[in-house]
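So the structure is just underneath, and the comments pick up after that.
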Amino acid sequence: MLEYWIQNGASTSGISKDVLKDALSNIFTHDKKHTKLSKSLFQQLNVNNLDKLVDFIYDSIDKANLNNRKTCSVCYNNGAFEMKGWMYPFIIAKDKFPNIYPNGKIGTLNICKNCAYKCILALKNIKFYAVEDNVNCILFFADNPTNLKRFYNTLQESIRPEWNSNINKGIILDSFLYPYELLTMILYDIAIRIEDYKNYNLGALVLGFVSTRKKIYHTTDIVNNLTPIINALKALYNIKEGKVFPLLFKGLKEGSSNRDPSVFIKRELLLKDLLNKRTINWSVLEDIIFYNIHNNKTVPFIYDFCMIIMDEFKMTDKELFDEVSSEGYRLGQKLLEENKNDIKKAKSILYELRRKRKLEEFLDEINILQLTVEEEFYDKPFKDNPEKFPKLKTFFLIGMTNAVFRSKKKQTQYNTDNNIDDKNSNEGENYES
């Protein structure tokens, strides 16, 4: 992580107080007062404004005594001193966390003056958003410092930091609490605004901590190769002139509170697995879908979202998802037709199907449904893939839910040619923000 942090601090303009001030102004307000992030990072120094902090940092690094027997932990040159906590906001000393830092083999990180400056200069690129004591930070990295600089030059954002954020509020699609939610919204903005994002091979440091008297980190992740998820967000933007993803993003939370963690945690877990593990957490997604069912709605465009993600990430179950969710959609349509749009009855069947933990029990319940709607059920995908039953059940329930809570006949499907066909994706008119 230190390697990527340092990449953001590369500078060709030399080191001076003006260079430091320019970098640190990214996390201070326009009147040089602390933001939530700067307060959290530098509170132990007891400095009240940007000018005093710059003076302290410049003098501290410039006057540091180098030990020629110490090697810099970044560039491996001889002549270094022990890194201080305000230079790099993570674990730097073994005596604080002896069991995890780094394997208990060395006592502290050592750093030379040049790399110490880079640690501070990296803050010129950090994006942060704080919700009360919960602080979320994103720091991008690329193949090399040159590509990273080109990326930031292309991004060209002029922001006046405030106490809780230095993010352009125009990219905020919904209230949120956690860092992967923030990263996803930033990536959506990149997908819309930067045509050549594929040239940079972007990755990101994803940081989240609770800031009280001490920083308590709950997220410190490195996410490599963001291109596939940006591709997916671009494809979602291209459906219905950018109206899809904002509705989808809002539909992935469980509630309307702006502060209750339980509202946001499932969305965060879904996005974290998606960006970090390149997978869809079907169990979490099913929980989100049934929260929406309880409130008589579905997640807008969830079928399109899954198809696009599975296509971009080359997931092997894409065809199964299409086949099984389409079967669920077909039976859901027939159920409504036979029961005169009785949503209450349809919901009870959805809950009953979800309760089935074994394939045989699920297929028995489907047989009862077949008799009710006088429609055959194509069970081959289930019988051919019994080991995938939990996932297949979720596929089926997604399709059936879209049918039950659709608001009009026309449905959409994403395919690899970015065309829209009539099929199995709720368009969002039933969605309540």
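No value in this document is a laboratory result; all are computed from the given coordinates. Small disclaimer: the values here were computed from a predicted structure and weren't measured. Positions of Cβ are backbone-derived with ideal geometry, glycine not excepted, and every protein chain shown enters the neighbour counts.
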(message) Output needed for the chain: three equivalent-ellipsoid semi-axes, defined as square roots of 5 times the C-alpha gyration tensor eigenvalues, in descending order, whole Å.
(response) 49, 21, 19
(message) Please report the spacing between the Cα centers of the range 3-26 and the range 243-274 in Å, no decimals.
(response) 35
(request) Collect residues whose amide H, placed 1.01 Å from N in the peptide plane, falls under 5 Å from the amide H of residue 131; neighbours closer than 5 in sequence don't count. (result) 136
(request) Calculate how large, on average over all directions, the projected area of the Cα convex hull of the range 2-82 is; give the answer in nm² to one decimal. (result) 6.0
(message) For the range 125-271, take N as its residue count and report Rg(C-alpha) divided by 2.2 N^0.38 Å.
(response) 1.03
(request) Any aspartates and glutamates with Cα under 15 Å of the residue 347 Cα? List them, leaving off those in the same chain fewer than 8 positions away. (result) 286, 287, 337, 338, 365
(message) Tell me the angle of helix 282-294 to the major Cα principal axis of the chain, expressed in degrees between 0 and 90 and rounded to the nearest ten.
(response) 60
(request) For a quick protection proxy, order the peptides 310-316, 108-114, 298-304 by their average other-Cβ count within 10 Å, most packed first. (result) 298-304, 108-114, 310-316
(request) Report, to the nearest 10°, how far helix 145-155 tilts away from the longest principal axis of the Cα atoms in the chain, using its own Cα long axis and a range of 0 to 90°. (result) 60
(request) For n ≥ 4 DSSP H runs only, could you compute -39500 (n - 2.57) per run for the chain, divide by its residues and tell me the 222 nm figure to the nearest 500? (result) -14000 deg cm²/dmol
(message) Give me the extension gain from residue 361 to residue 132: residue separation times 0.36 nm, minus the current Cα-Cα distance, reported in nm with one decimal.
(response) 77.8 nm
(request) Compute the separation of the alpha-carbon centres of the range 325-380 and the range 125-144 and state it in Å as a whole number. (result) 45
(request) Would you mind checking the tilt of helix 359-373 against the longest principal axis of the Cα atoms of the chain, expressed as 0 to 90 degrees and rounded to 10? (result) 50
